[in-house]
Amino acid sequence: MSNTVVRLLTGFVGAPIIIAILYLSPNIGHYLLAGGAMFIAATEFFAMTHPDDTFGRRLGTALTVALFSVLVYTRYGHAHGALAVWAFALLAPTVLLVALSRPAHIGTALHRTAALVLGPLYLATTMGAIAVIRTLGTRNEGAGLVLLTLCTAWMSDTTAYFVGRHFKGPKLYPAVSPNKTWSGALGGLTASVMAAVIAHYSYLPTLPLAAGMAVAGLAGVLGQMGDLAESVLKRSAGVKDSGGILPGHGGILDRIDAVVFASLVVLGSFETGLLTLTR
């Protein structure tokens with residue numbers, strides 16, 4: 001089968017499972033879904049940054065899971081916000097103390113410690129945002145908002161792929177991703193906005209149409225930038241895909257690189273009052 005067919009089949013199998021968990025499971029089920037995806041993405045990330053360092057890979061993944069758990073517990077368990085502040089504050093000193101205890105790796109300490117700080121900040125905070133979005137509004141509204149976040153990223157990615165292949169044209173950022181085009185980017189942005197229109201008229205009627213389209217558009221733009229940002233990391237590591245767990249798609253990190261940026265837009269819009277659900 002062609003890569004395109006494999007990509008579509010993977011999506012057709014995975015999408016119903018994700019939707020079922022979003023709408024039917026309690027918060028803990030969504031927490032495990034987001035945390036599980038983040039765990040795999042973290043192992044892929046640190047496999048790129050620490051290819052010859054098993055301890056470093058395990059430490060980075062553990063720190064990512066720990067920070068994610070603290071952030072989610074602070075929200076779900078209504079713990080004092082100082083807990084999250086201390087988690088962020090202790091991250092860099094912890095990593096530096098580990099570097100101090102490993103004199104054999106002094107030659108690459110700067111690279112390794114930087115990656116061990118970046119990984120948790122990159123993945124735990126953004127996937128934590130996905131977990132928090134599920135708690136906004138009623139259960140169905142929270143699930144709908146997560147689905148909207150996923151759609152702004154994944155509909156954009158799929159549409160950009162097909163539009164770019166059909167229309168081609170000037171390259172978007174050839175130094176990072178030589179196959180992406182401006183036509184594909186504009187097609188992807190249109191799909192992100194349409195995701196909000198579809199949500200308003202179907203599974204999330206309490207989403208204000210105009211404000212929802214604006215937020216979805218911004219999430220789509222940031223999602224495409226997140227995709228390019230991950231491409232920079234992969235080029236730096238000399239790999240084509242972050243992993244191979246998803247046939248036709250690569251790794252989990254390849255699938256959430258846009259979602260994690262879009263999640264911050266959606267959550268931030270609600271937390272700041274720029275977007276509210278109507279009743």
- request: Could you tell me whether any residue of the stretch 122-131 is more than 21 Å from the chain's Cα centre (by Cα) and either surrounded by fewer than 21 Cβ atoms within 10 Å (Cβ to Cβ) or not aliphatic (A, V, I, L, M) (or both)?
  value: no
field: Qualifying position, being aromatic (Phe, Trp, Tyr), surrounded by fewer than 21 Cβ atoms within 10 Å (Cβ to Cβ) and assigned to a helix (DSSP H, G or I), among Phe46, Phe55
entry: Phe55
- request: Give the residues of the stretch 253-270 that are buried (at least 19 other Cβ atoms within 10 Å of the Cβ) and either under 21 Å from Val5 (Cβ atoms) or of a type in the set (Phe, Trp, Tyr) (or both), sorted by residue number.
  value: Asp254, Arg255, Phe261
message: Could you tell me how many of the residues in the stretch 127-145 are over 19 Å from Val260 (Cβ atoms), among the polar types (S, T, N, Q) and in contact with a Phe, Trp or Tyr (Cβ under 8 Å, 6 or more places away or on another chain)?
response: 1
- prompt: Name the residues in the stretch 162-212 that are crowded, with 19+ Cβ neighbours inside 10 Å, part of a helix (DSSP H, G or I) and either touching a residue at least 40 places away in the same chain (Cβ under 8 Å) or small (Gly, Ala, Ser) (or both), would you?
  reply: Gly164, Gly184, Ala185, Gly187, Gly188, Ala191, Ser192, Ala195, Ala196, Ala199, Gly212
- request: Evaluate the stretch 106-121: report whether one residue or more is under 17 Å from the mean Cα position of the chain (by Cα) and buried (at least 18 other Cβ atoms within 10 Å of the Cβ).
  value: yes
query: Are any residues in the stretch 179-206 modelled with pLDDT under 95 and either within 20 Å of the chain's Cα centre (by Cα) or farther than 17 Å from Phe162 by Cα (or both), and if so, which ones?
result: Lys180
Qualifying residue in the stretch 111-129 (condition: in contact (Cβ under 8 Å) with a residue 24 or more places away in the chain and among the polar types (S, T, N, Q)): yes
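The values are calculated or read from the model by the stated rules, or taken from the named source; none is laboratory data. Predicted, not measured: the structure shown is a model, and the values here were computed from it. All Cβ positions, even for glycine, are placed from backbone atoms using ideal geometry, and neighbour counts span all protein chains on display.
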